[in-house]
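Just passing along the structure, written as structure tokens.
The values are calculated or read from the model by the stated rules, or taken from the named source; none is laboratory data. What you see is a predicted model, and the numbers here were worked out from it, not measured in a lab. Neighbour counts run over all protein chains shown; Cβ positions are idealised from the backbone, glycine included.
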Amino acid sequence: MRSTFLNVGERCNVAGSSIFKKAIVDGNWDKALSIAVKQVDAGADVVDINVDDGLIEPIGAMTKFVNLLVSDPEASKMPFMIDSSKFHVVECGVKCCQGKSIVNSISLKEGEEAFIKNARMVKAFGSAVVVMAFDENGQAATCKEKVSMCQRAYKILVEEVGFNAQ
């Protein structure tokens, strides 16, 4: 029986790895790929990819790196978690994925209309989604606020966007 715990490799995230960031900034794609493969070899279930940095052109970097990953026999076995604070970068990454991906993340920060638009795009590509407990009033601080925001997001995802209830 498989555990529901997922080990998410965070080394392909410029905020979490100065080595990965340097590889991306320098255009050293072989080095960046080797970082992903090492995570796969070490037992990661998912590889998180984030190229949000002022020194990096995010659309080009996300597209190039995800395309490189999907063409690698080892890295392509893994689902990718496409992670960016800019939704147009998320969309570029998801479009390059060949299998199931995970979008990290969407929230109600910009209101329901933007949330629904982004969620529909995620669903159209067959991606799973991580919801951040953040709404128009800011980030949830208490347990009660977190539950309330996540219940609101869940209801919209299931009832308005058409995600399966799980």
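Given the condition in contact with a strand residue (DSSP E or B) (Cβ under 6 Å, 6 or more places away or on another chain), polar (S, T, N, Q) and closer than 29 Å to Thr63 by Cα, answer yes or no: does some residue in region 126-144 qualify?
Within region 126-144, one or more residues are in contact with a strand residue (DSSP E or B) (Cβ under 6 Å, 6 or more places away or on another chain), polar (S, T, N, Q) and closer than 29 Å to Thr63 by Cα.
Can you work out which of the residues in region 5-29 that are part of a helix (DSSP H, G or I) and basic (Lys, Arg) is farthest from the chain's Cα centre (by Cα)? Working first, answer last.
Just the residues of region 5-29 that are part of a helix (DSSP H, G or I), to begin with: 18-26, 29.
Going one step further and asking which of them are basic (Lys, Arg), we end up with 21-22.
On the way: Lys21: 17, Lys22: 20 Å.
Taking the candidates together, the pick is Lys22.
A further question on this structure: Is it the case, given these coordinates, that Phe87 is among the aromatic types (Phe, Trp, Tyr) and over 30 Å from Lys22 (Cβ atoms)?
The answer is no for Phe87.
A quick yes/no check of all residues on (1) surrounded by 13 or more Cβ atoms within 10 Å (Cβ to Cβ); (2) farther than 26 Å from Asp26 by Cα; (3) in contact with a Cys (Cβ under 8 Å, 6 or more places away or on another chain):
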residue	(1), (2), (3)
Thr63	yes, no, yes
Ser107	yes, yes, no
Ile116	yes, yes, no
Ala119	yes, yes, no
Asn137	no, yes, no
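When you go through Val40, Val46, Val8, Val25 one by one, which is the residue that is of a type in the set (A, V, I, L, M), more than 14 Å from Ser84 (Cβ to Cβ) and out of contact with any strand residue (DSSP E or B) (no Cβ under 9 Å at 6 or more places or on another chain)?
Val25
Starting from region 35-62, keep only residues that are under 11 Å from Asn7 (Cβ atoms) and in contact (Cβ under 8 Å) with a residue 24 or more places away in the chain, then list their pairs with residues that are in a helix (DSSP H, G or I) and of a type in the set (Gly, Ala, Ser) whose Cβ atoms are within a distance under 9 Å, requiring at least 6 positions of separation or different chains.
Gln39/Ala75; Val40/Ala75; Ala44/Ala36; Val47/Ala36; Val47/Ala75
Scanning region 30-53 for residues that are part of a strand (DSSP E or B) and either of a type outside the set (A, V, I, L, M) or over 18 Å from the mean Cα position of the chain (by Cα) (or both), which turns out surrounded by the fewest Cβ atoms within 10 Å (Cβ to Cβ)?
Only one residue tops the list, namely Asp48.
Right, here's the next one. Return yes when Phe80 is aromatic (Phe, Trp, Tyr) and more than 16 Å from Val46 (Cβ to Cβ) and no when it is not.
no
Output the residues belonging to region 1-27 that are at pLDDT below 95, touching a helix residue (DSSP H, G or I) at 6+ places or on another chain (Cβ under 8 Å) and among the hydroxyl-bearing types (Ser, Thr, Tyr).
Matches in region 1-27: none.
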